[in-house]
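What follows draws every value from the coordinates through simple rules; no lab data is involved. Just so it is clear, the structure is predicted and the values come from calculations on it, not from any experiment. A quick note on method: Cβ atoms are made from the backbone with ideal geometry, for glycine too, and the neighbour counts reach across all protein chains shown.
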Amino acid sequence: MKLLSINRITRTGLILLIGTMGLIASCKKGYFYEGINDDPSQLKNPVPSSLLPGIIQSTGYLWGGDASRFVSLFMQQTTGAANQSVSASRYAVSPDDVDNMWTAGLYGGGIMNNTNAMINSANSLKQGHYAAIGKVMMANNIGLTTDLWGDVPYSEAFKGLANLQPKYDTQQQIYASIDQLLSEAITSLGAADGSQFQPGADDLLFKGDLTKWLRFAHSLRAKFYLHLGKIDRSNYDKALLEIPNGFLPGETASVLFAGTSLPTQTPWFQFNDQRGDISFTGYIYDSMGAASDPRLDVYSDGDEGLGPLYGSEASPVVLMSYDELRFIEAECHLQKAAQNKGASATAYNAAVTANLLRTINDATYAATVARTAGNITLTDIMSQKYLALFLNPEVWTDWRRTGVPALAAPAGSALGGALPRSLLYPSGEQRNNSNSPKNTSMLKRVWWDVP
């Protein structure tokens, strides 16, 4: 069921459509991407203000769509009830299953191609703040991509017909590029750019508030340093240096959805309304129920459906939040060479409180799970972070880094009782890009996933 045929829309009108609505939904496997036949980055002389809304909205669709669904099934925050979702619940995910997320969602005519076009356009037009915002969004999304797959195209990507077979950069190289993107963005966002053209209503994340973009950039930098803690423990200290300049209490980078018509409804609502082959049962619900965690009432509808917090027509997709940043702080203080359990416990308690306020606007339950310097553990931090980041792709990264929570593979698992550690490369890349690594197993560890 296609909701709208993009073939009938003029090339000029496509930018307006993407800028105001994001991606279009259909009932097919790749329904958040189906029907997008033109790439706005290939339109003649695109300007940053025309590209930015679609980049942000499309990011929300991807983070709250395919990326969220696969990860939530792997991490037992949801359970497959029928069709492909049953297979994904058992870790039987094929290269075809991830093809749309890669080709239409991230590469091809997807988010990162358009982001690259926006950065290039902004640089050409000397609109430094737009370029900086583009770099933050690129870091956010190439970071997600490499965390899902490992080695991915970047340095030779986004060139269209000039290079249809880009090389794959190593994850180590990708992380260096992420750090450079964020460093450059932080410098640019902290200074005037001399342009009369500044983000405003076209900025669907922060409404042109550059200080919030700056804090988002610092928060992302802390997150990506955290990922590399097992590679080099000094990365925990680097993350801690970013946190004071990160999100303020209550702040999030959230993609909002109007919810007034089907194309503007939040991805999880669309999926449940059209497909309904995922049930909201499993490990997370059992553990929250056993702990009488009040967030369960907004995570679940009580009848194996998704609750109102993330399951309504206009629910936000949270890319990152203040509470996540405080969980990062708690882990870094505990894991760094000069361990500080007191600071870790303080940050942990603040993180739990902040998440309760964000989700149910009542922090009373925080006292039930509070910790001190004498009893704080990594399991405490990561268990609460797993609950706080419900349906966020970051929970898979956290589990691979720490092994928390202690999940058991479901009966009939395709991986012999193990849990997946990366996605297979998509079928389109395997066919069309000779540089694509050969698929081996979803048990393949990415570079930062140190045993």
With only helices counted (DSSP H, runs n ≥ 4, each -39500 (n - 2.57)), the per-residue ellipticity at 222 nm for the chain, to the nearest 500, works out to -14500 deg cm²/dmol
Modelling each spin label as a point 7 Å along the Cα-to-Cβ direction, I'd like the residue 87/residue 415 distance in nm, to one decimal. 1.7
If you restrict to DSSP beta bridges whose two residues both lie in the chain, what percentage is antiparallel, to the nearest 5? 100
Say the cut-off is 21 Å between C-alpha atoms; which of 212/336; 135/438; 167/438; 230/444 go over it? 212/336; 135/438
Simple SL model, points at 7 angstrom along Cα→Cβ for residue 233 and residue 195; separation in nm is 4.4
Among 266, 210, 253 - extreme Cα towards positive end, dipole of the chain, charges at beta-carbon: 210
So how much slack lies between residue 379 and residue 290, counting 0.36 nm per residue of separation and subtracting their Cα-Cα distance, in nm? 30.3 nm
For residue 254, other-chain or 5+-apart residues with amide H closer than 5 Å (H placed, Pro excluded) are 319
Taking a cut-off of 13 Å between Cα atoms, list the aspartates and glutamates near residue 159, but don't count ones fewer than 8 places away on the same chain. 39
Order of 85-94, 434-443 by packing, highest average Cβ count within 10 Å first? 85-94, 434-443
What the Cα atoms of the chain span along the principal axes, largest first and in whole Å, is 61, 51, 43
Please give, to one decimal in nm, the separation of the simple spin-label points placed at residue 361 and residue 173, each 7 Å out from Cα toward the Cβ. 5.0
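What is the ratio of the Cα radius of gyration of region 339-407 to 2.2 N^0.38 Å, where N is its residue count, to two decimals?
For region 339-407, the normalised Cα radius of gyration is 1.10.
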Could you give the DSSP H helices of the chain that reach 18 angstrom or more along their long axis (alpha carbon positions) and whose average Kyte-Doolittle hydropathy is no lower than -0.5? 48-64, 111-124, 128-149, 171-189, 210-227, 341-359
Only Cα pairs under 8 Å and at least 6 apart count here; give the relative contact order of the chain as a rounded whole percent. 19
Ranked highest first by average number of other Cβ atoms within 10 Å, how do 420-427, 255-262, 268-275 line up? 420-427, 268-275, 255-262
Quick one: what Rg and Dmax do you get for region 47-208 from the alpha carbons, in Å? 17.1, 55
